[in-house]
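The next block holds one structure in the form of structure tokens; read it before the comments.
The values are calculated or read from the model by the stated rules, or taken from the named source; none is laboratory data. The shown structure was predicted, so the numbers you read here are calculated from the model rather than taken from an experiment. Here the Cβ positions follow ideal geometry from the backbone for every residue, glycine too, while neighbour counts run over all protein chains shown. All accessible areas refer to the heavy atoms of the entire protein, side chains included, with ligands and DNA or RNA removed. Shrake-Rupley method; radii C 1.70, N 1.55, O 1.52, S 1.80 Å.
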Amino acid sequence: MIQLYHVYKSYQKGANVIEDVSLNIDRGEFVFLVGASGAGKTTLLKLLFCAEPITSGQAMVNNHSLAKINPKDIPYLRRSIGVVFQDFKLLNNRTIFDNVAITLEILGMNRNDIRRKVTKALKRVGLAFMEGKYPLELSGGEQQRVAIARAVVNSPSILLADEPTGNLDPELSVDIMNILTDINAMGTTVLVATHDKFLLQKFMKRTIIINKGKVSEPI
Amino acid sequence: MILKKLPYFFRKALSNIRYSMLVNLVTISTISVAILIFSTFVMIIFNLTNLVSRFEDDVHIVAYLDDEFVGGNENIKKNLLKLNGIEKVWYQSKENALKVFKESLGENDLFLKDIQKNPLPASFELRLKEGYKDRKNIEAIAAALRSMGIFSDVSYGQEWLEHFHNFMNILKVIGLAVGGGFLFAAVFIISNTIKLTIFVRREEIDILRLVGATNSFIKAPFYIEGLIQGFVGSVISIIGLYFLYLVFMAKVQTLSLLGVNSTSMPFLPPKFLILLVAFGTLLGLMGSYISLGEIFKRS
């Protein structure tokens with residue numbers, strides 16, 4: 001599903017943000033990407049959904065080669081990847097419903113199907129009766145759940161979550177993680193970037209450590 | 001696929017307009033003013049062209065018979081009718097010419113009493129066939145009349161029509177330059193306001209990109225926004241033009257100038273109006289096309 005082979009990323013010559021990363025994540029896996037702030041977690045996730053191009057190496061995501069991908073194909077790759085951003089990236093002037101519906105509107109789905117799927121996704125993250133509200137009327141945890149609903153509403157094969165519990169208290173964090181494991185149980189490959197050791201201990205999943213752009217896996 | 005998404009694009013464009021109402025109002029007013037100025041020129045040129053063609057229809061030649069010529073009028077008339085391009089010929093005798101002249105003077109005819117001899121010549125008025133009313137043919141006919149040697153003078157009101165034609169050409173150039181200038185400015189302003197609305201919504205565009213929207217999906221509502229701005233702007237300008245026309249006609253009629261009325265100076269026909277609206281709509285589309293091209297090239 002995700003295969004990286006000697007991948008490098010640098011914004012300046014000689015300063016690698018991602019250095020010689022090789023890893024393999026299979027279909028249906030749940031993986032934690034762990035590292036301190038600035039270790040390269042967000043950059044690595046960005047490479048996977050083509051928000052940044054890789055500098056060198058080979059990478060395959062959902063049968064797309066990231067080194068050779070045609071810019072025109074990037075939107076189609078992104079449709080198969082749900083992304084939960086650290087800063088949520090919700091549109092504050094749109095309702096919760098509209099924020100989640102964006103992903104389906106892009107696919108040209110009819111309004112009835114959109115209504116059905118968005119309602120289902122919001123129900124799944126426990127926000128069934130919030131659809132008419134605006135993001136700023138919700139708490140941080142609720143906004144995070146809207147971001148998750150938007151990322152999974154079109155049933156992507158991969159879900160990338162960047163610090164999904166970053167600003168939440170432990171109880172809410174567990175809530176969010178439970179939602180993500182549920183989504184994983186339905187068959188979606190999940191990759192969660194986090195620096196929260198508590199979560200790693202609570203949810204015993206495969207963990208990839210990233211430090212100064214290099215990855216390693218505890219045995 | 002695009003057709004399937006069209007209702008979404010329209011909804012999106014309308015909600016975009018609602019979100020940035022002020023910017024849209026500025027754009028629509030700019031288009032209205034530009035099209036209004038342009039269409040005012042179009043209407044002036046249209047009516048003047050009509051006027052010229054009506055005058056051209058009236059063009060005729062008058063050939064004044066030499067006083068010393070003695071001969072049968074009927075014969076001359078027959079010979080004149082044989083000339084190329086002559087439809088009808090009327091004869092006016094010296095006496096008749098004087099009578100008409102006296103009538104036209106009304107009470108001011110006192111000075112005519114001192115005149116012993118009728119100074120007015122007899123004349124033939126020639127009406128021309130269609131296709132012979134242009135300057136070249138009229139001059140050819142006039143030359144033919146002069147070469148007959150029996151006319152003291154041949155006159156036709158073509159010269160001032162030529163001046164009028166020149167005036168019209170100058171007006172057309174000015175109209176195109178001023179109107180075109182305003183249209184150019186309109187495209188510039190539209191593209192800038194669209195840039196502004198894109199800037200306001202850059203966050204949304206970023207998010208759309210990240211969740212897998214293609215460039216054309218992102219651009220389409222902006223194109224439709226441009227189309228709507230162009231359409232609304234040009235419809236408003238035509239309403240404005242009609243209002244200006246009514247005010248102008250009311251002024252002209254109270255002054256009863258030149259016998260102008262709505263038949264002699266009509267409003268632009270529907271064909272022109274449709275073209276102007278289509279043109280305005282295209283203008284709006286062009287504005288958004290230019291700005292989107294620039295912005296997407298940069299990103």
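Things worth noting here:
Table: residues versus (1) crowded, with 16+ Cβ neighbours inside 10 Å; (2) within 14 Å of chain A (Cβ to nearest Cβ).
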residue	(1), (2)
B:Ala13	yes, yes
B:Ile28	yes, no
B:Ile31	yes, no
B:Met43	yes, no
B:Thr49	no, no
B:Asp58	no, no
B:Asn79	no, no
B:Tyr91	no, no
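- Selection status of B:Ile37, crowded, with 17+ Cβ neighbours inside 10 Å, more than 24 Å from B:Val277 (Cβ to Cβ) and away from chain A (no Cβ under 14 Å): no
- From the list A:Leu23, A:Leu45, the lone residue that is part of a strand (DSSP E or B), in contact (Cβ under 8 Å) with a residue 60 or more places away in the chain and closer than 17 Å to A:Arg206 by Cα is A:Leu23.
- Residues (within 14 Å of chain B (Cβ to nearest Cβ), open to solvent by 30 Å² or more (accessible area, probe 1.4 Å) and hydrophobic (A, V, I, L, M, F, W, C)) located in the stretch A:47-87: A:Ala51, A:Ile69, A:Ile74
- Index of the failed condition, B:Pro121 passing every other in (1) touching an Asp or Glu at 6+ places or on another chain (Cβ under 7 Å); (2) at pLDDT 85 or above; (3) closer than 14 Å to B:Leu80 by Cβ: (3)
- Residues of the stretch A:143-174 that are away from chain B (no Cβ under 14 Å), surrounded by 18 or more Cβ atoms within 10 Å (Cβ to Cβ) and not in a loop (DSSP other than H, G, I, E, B): A:Gln144, A:Arg145, A:Ser173.
- Every pair of residues 6+ apart whose Cβ atoms lie under 6 Å, when the first sits in the stretch A:67-93 and is farther than 19 Å from A:Ala147 by Cα and touching a residue at least 60 places away in the same chain (Cβ under 8 Å) while the second is assigned to a loop (DSSP other than H, G, I, E, B) and not polar (S, T, N, Q): none
- Checked against (1) within 14 Å of another protein chain (Cβ to nearest Cβ); (2) surrounded by 15 or more Cβ atoms within 10 Å (Cβ to Cβ); (3) closer than 22 Å to A:Gly187 by Cα, A:Leu4 passes all but condition (1).
- Any hit, the stretch A:203-219, residues being assigned to a helix (DSSP H, G or I) and either hydrophobic (A, V, I, L, M, F, W, C) or touching a His at 6+ places or on another chain (Cβ under 6 Å) (or both): no
- Selection of the stretch B:93-144 for residues being surrounded by 12 or more Cβ atoms within 10 Å (Cβ to Cβ), among the acidic types (Asp, Glu) and not in a helix (DSSP H, G or I) yields B:Asp109, B:Glu125, B:Asp134.
- Qualifying residue in the stretch A:25-43 (condition: within 14 Å of chain B (Cβ to nearest Cβ) and either closer than 30 Å to A:Phe129 by Cα or at pLDDT 90 or above (or both)): yes
- Unique match (being touching a residue at least 24 places away in the same chain (Cβ under 8 Å), outside the structural domain of A:Leu4 (by TED's automatic domain parsing) and small (Gly, Ala, Ser)) among A:Ala161, A:Ala193, A:Ala149: A:Ala149
- Among the residues of the stretch A:88-129, those that are among the hydroxyl-bearing types (Ser, Thr, Tyr) and within 13 Å of chain B (Cβ to nearest Cβ) comprise A:Thr95, A:Thr103.
- Conditions (1) in contact (Cβ under 8 Å) with a residue 40 or more places away in the chain; (2) within 14 Å of another protein chain (Cβ to nearest Cβ); number of the one not met by B:Leu244: (2)
- Residues of the stretch A:188-204 satisfying the condition of being modelled with pLDDT under 90 and open to solvent by 10 Å² or more (accessible area, probe 1.4 Å): A:His195, A:Asp196, A:Lys197, A:Phe198, A:Leu200, A:Gln201, A:Lys202, A:Phe203, A:Met204
- Search result, residues across the stretch B:196-209 that are open to solvent by less than 40 Å² (accessible area, probe 1.4 Å) and within 11 Å of chain A (Cβ to nearest Cβ): B:Arg201, B:Glu204, B:Ile205, B:Ile207, B:Leu208
- Checked against (1) modelled with pLDDT under 80; (2) out of contact with any Asp or Glu (no Cβ under 9 Å at 6 or more places or on another chain), B:Ile170 meets all criteria but (1).
- With respect to the conditions (1) open to solvent by 70 Å² or more (accessible area, probe 1.4 Å); (2) among the polar types (S, T, N, Q); (3) outside any strand (DSSP E or B); (4) in contact (Cβ under 8 Å) with a residue 12 or more places away in the chain, A:Thr119 falls short on a single one, namely (1).
- Selected residue [over 13 Å from B:Leu283 (Cα atoms) and either more than 9 Å from chain A (Cβ to nearest Cβ) or not in a helix (DSSP H, G or I) (or both)] from B:Gly226, B:Gly212, B:Gly233: B:Gly212
- Residue in the stretch A:130-139 that is surrounded by 22 or more Cβ atoms within 10 Å (Cβ to Cβ) and modelled with pLDDT of 90 or more present: no
- Just one of the numbered conditions (1) closer than 30 Å to B:Gly284 by Cα; (2) crowded, with 16+ Cβ neighbours inside 10 Å; (3) away from chain A (no Cβ under 14 Å); (4) free of Cβ contacts under 8 Å to residues at least 60 places away in the same chain is not true of B:Leu22: (2).
- Scanning the stretch A:1-15 for residues that are within 21 Å of A:Ser65 (Cα to Cα) and either part of a strand (DSSP E or B) or modelled with pLDDT of 90 or more (or both) turns up A:Ile2, A:Gln3, A:Leu4, A:Tyr5, A:His6, A:Val7, A:Tyr8, A:Lys9, A:Ser10, A:Tyr11.
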